[in-house]
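K.L.:
Below is the structure I would like to discuss, written out as structure tokens.
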């Protein structure tokens, strides 16, 4: 099977969505200082994983589904969700994607195929397999994208689901975004494969499915690898485990503290816990967004001026999302009792 | 009407719904392993599948399938096996409709036996109903007759929410009249199993026949107990219980679970709050003694509520004055 490489137009589409995710996330991050108290609880950013997210979802077709984790702001942006409704949800407002009932960790947009996000590590993996069973029954060559982190591969849900998905040849693509850290624990500290110097993709061997490792900072590499997995799934040949190596450029999440304490983002754990400032700075130098911009300019797909224009346009779009969300009212109190049951 | 054992009535409820609705799935461990398995023969492997021993994946897959428009019934055999996958039961299935602001429905049924007090010792005998009943978004069904087993299963499958369907293992082979053809029993409607004016007894599952037997013995002494079977504990038909207590003024709650893990305690709280003026005596709860269920037969019988303890509780509430 050969997957068609994205043409120039598609590469610009990928770059635009990478920018959109980054700019959206930057505004989520800045909300903690610019509008203190507006975001409650815990948020988790995808900066550093944009290439992986967009490269993967560049294969998403109408009728497909995607499920993800609490680190879920990136996917719906690519699938077409309105950033205003997403920001309003993160701000707990009535115009939120989920009416203010879910918040940052539970963005859902069923109309666009973004089926749900569990805040419990690994718990969403079997949900994706269930959605894939439904797709298998529909027989329309539809597939399910299942996103999770490296930490989730230490959960039973991961192992149980990979076994069944392979056994039943479910049309699902398991995209493991390996960012090297489970909060403040390094992968080598908690993963036998990592400790032995093996890629995490070898876990697929235990379940008789292909396992591939890809540079998650390169959207074209991700698109090629995930594309092969998608073709395999659409052809009814079953799932693939894709280990997409990314570096999370922000801390795991904003500060965890009771009300009254500022909830801004601390420095990355590589610095605060492990004192590895050079590791973090190297990751910043490899930031996938400027890296892809430079590649596009170098290959002539995009001029520097055009890239700057796109960035300005995206910044404006995301500024509007913040303005909209801040002005959106809180939901009516009684709405807390809606949607408990269908 | 046909005489059916309880467990066949549960199957009849699943068949009824699988026949009329192609979106209903049925799967679990040690199920559908041959082509002549009745559900495989009728509906095929697309909808009826055997799973590995992977409760988290089984229930999680049911959630994903349900969110995608299907209606899965997961065969879990024993309520304790849900404990292996408690996150999926309590913190996944009932959360998605709410957290998505009503965008998704999660119509699934978790079918599990419970309370197997027949020498199954400490880990296969629990009465876990109360663990599930307070979870917003979950419905919890506890049939005590064959007819209800069929009708409540069918209603559970048609319900658009996750439903925990708990059937008592000691009722498995109890026969009962079961309506032929389409049969549905509504959720949230308690059944008065026996009418009486002196005392109200509320019980679920296997405690229903035990309470009825106790009531018969009391009737011989001229004491008329009203026995109420809530049938579903989420939603709970508190109105029927309050109405009965308004008539009798006395309430005995019978529950197979240990003292502080009961449905009884929840009902007692609600009746104390909303029916206090009707009560002529303090509520008495007959529960299991606070121990893991022991293996040895006389010890098992000692721990679990029996007719004698129910009768003694009734005598206590009849004697008491407020």
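Computed from the coordinates by the stated procedures, all read-outs in this text should not be read as laboratory data. Predicted model, so just to flag it, every value in this text is computed and none were measured. Positions of Cβ are generated from backbone atoms using ideal geometry, with glycine treated the same way; all protein chains shown enter the neighbour counts.
K.L.:
Once R0 is set to 45 Å, what does the formula 1/(1 + (r/R0)^6) return for the Cβ-Cβ distance between residue A:308 and residue A:272, expressed as a FRET efficiency to the nearest 0.05?
P.N.:
0.85
K.L.:
Could I ask something else about it? Taking a ≥ b ≥ c as the square roots of the Cα gyration tensor eigenvalues, with a/c under 1.5 meaning rounded and otherwise prolate when a/b beats b/c, else oblate, which class fits chain B?
P.N.:
Prolate, because a/c is 1.5 or more and a/b exceeds b/c.
K.L.:
Between the stretch A:2-67 and the stretch B:59-95, how far is it from one alpha carbon centroid to the other, in angstrom?
P.N.:
30
K.L.:
Just need the relative contact order of the stretch A:119-186 here, percent rounded to a whole number, with Cα pairs under 8 Å and 6+ apart.
P.N.:
Here the relative contact order equals 40 percent.
K.L.:
Would you please state which residues of the stretch A:64-92 a label at residue A:335 would reach in this model, taking the label point 7 Å out along Cα→Cβ and a backbone N cut-off of under 16 Å?
P.N.:
A:84-92
K.L.:
What distance in nm lies between label points placed 7 Å from Cα along the C-beta direction at residue A:2 and residue A:195?
P.N.:
4.4
K.L.:
Helix B:238-248 against the longest principal axis of chain B: what's the angle in degrees, Cα atoms only, rounded to the nearest 10?
P.N.:
With rounding to tens, the tilt is 20 degrees.
K.L.:
Only Cα pairs under 8 Å and at least 6 apart count here; give the relative contact order of the stretch B:2-178 as a rounded whole percent.
P.N.:
Result for the stretch B:2-178 is 30 percent.
K.L.:
Can I ask one more? How big is the gap, in Å, between the Cα center of the stretch B:245-266 and the Cα center of the stretch A:275-342?
P.N.:
56
K.L.:
Next question, about the same structure. Hey, what angle do you get for helix B:307-319 against the long axis of chain B, alpha-carbon based, 0 to 90 degrees rounded to 10?
P.N.:
It works out to around 50 degrees.
K.L.:
Does the stretch A:8-324 come out rounded, prolate or oblate, given a ≥ b ≥ c as the square roots of the eigenvalues of its C-alpha gyration tensor, rounded meaning a/c under 1.5 and, failing that, prolate meaning a/b above b/c?
P.N.:
Rounded shape, in that the Cα axes give a/c under 1.5.
K.L.:
Here is a further query. Given a cut-off of 24 Å, what percent of all Cα-Cα pairs of the stretch A:231-342 lie beyond it?
P.N.:
In whole percent, the share of Cα-Cα pairs in the stretch A:231-342 beyond 24 Å is 64.
K.L.:
Under a plain spin-label model, where a point goes 7 Å from the Cα along Cα-to-Cβ, how far apart in nm are residue B:297 and residue A:61?
P.N.:
6.5
K.L.:
Run through every distinct alpha carbon pair of the stretch B:191-319 and return the Kirkwood hydrodynamic radius in angstroms, one decimal place.
P.N.:
14.4
K.L.:
Sticking with this one: For the stretch B:2-178, what class follows from the C-alpha gyration tensor (a ≥ b ≥ c being the square roots of its eigenvalues): rounded when a/c is under 1.5, otherwise prolate if a/b is larger than b/c, else oblate?
P.N.:
The shape class here is rounded.
K.L.:
Counting each DSSP H run of 4 or more residues in chain A as -39500 (n - 2.57), what helix-only mean residue ellipticity at 222 nm follows after dividing by all residues, to the nearest 500 deg cm²/dmol?
P.N.:
Computed ellipticity for chain A at 222 nm equals -13500 deg cm²/dmol.
K.L.:
Among A:161, B:145, A:16, which comes first, then next, by fewest other beta-carbon atoms within 10 Å?
P.N.:
A:16, B:145, A:161
K.L.:
Taking a point 7 angstrom from the Cα of residue A:316 along the C-beta vector, which residues in the stretch A:285-308 have backbone N less than 18 Å away?
P.N.:
Under cut-off, by backbone N: A:305-308.
K.L.:
What is the angle, in °, between the Cα long axis of helix B:207-219 and the longest principal axis of the Cα atoms in chain B? Nearest 10 is fine, range 0 to 90.
P.N.:
30
K.L.:
Could I ask something else about it? What spacing in nm lies between the two simple spin-label points modelled at residue A:140 and residue A:264, each 7 Å away from Cα in the Cβ direction?
P.N.:
Here the answer is 4.8 nm between the modelled labels.
K.L.:
Here's a follow-up. When the helices in chain B are scored as -39500 (n - 2.57) per DSSP H run of 4 or longer and the sum is shared across all residues, what 222 nm value do you end up with, to the nearest 500 deg cm²/dmol?
P.N.:
-10500 deg cm²/dmol
K.L.:
On the first, second and third principal axes, largest extent first, how far apart are the outermost C-alpha atoms of the protein assembly as shown in Å?
P.N.:
Result, largest extent first: 97, 60, 44 Å.
K.L.:
For the pair residue B:21 and residue A:30, what calculated FRET efficiency results from E = 1/(1 + (r/R0)^6), where r is the Cβ-Cβ distance and R0 = 51 Å, to the nearest 0.05?
P.N.:
Rounded to the nearest 0.05, the efficiency is 0.55.
K.L.:
I'd like the distance between the alpha-carbon centres of the stretch A:87-162 and the stretch A:218-252, rounded to an integer number of Å.
P.N.:
16
K.L.:
For residue B:239 and residue B:315, what is the calculated FRET efficiency with R₀ set at 30 Å and r taken between the beta-carbons, to the nearest 0.05?
P.N.:
Computed FRET efficiency for residue B:239 and residue B:315: 0.60.
K.L.:
Using alpha-carbon pairs under 8 Å, 6+ residues apart, how would you state the relative contact order of chain A in percent?
P.N.:
24
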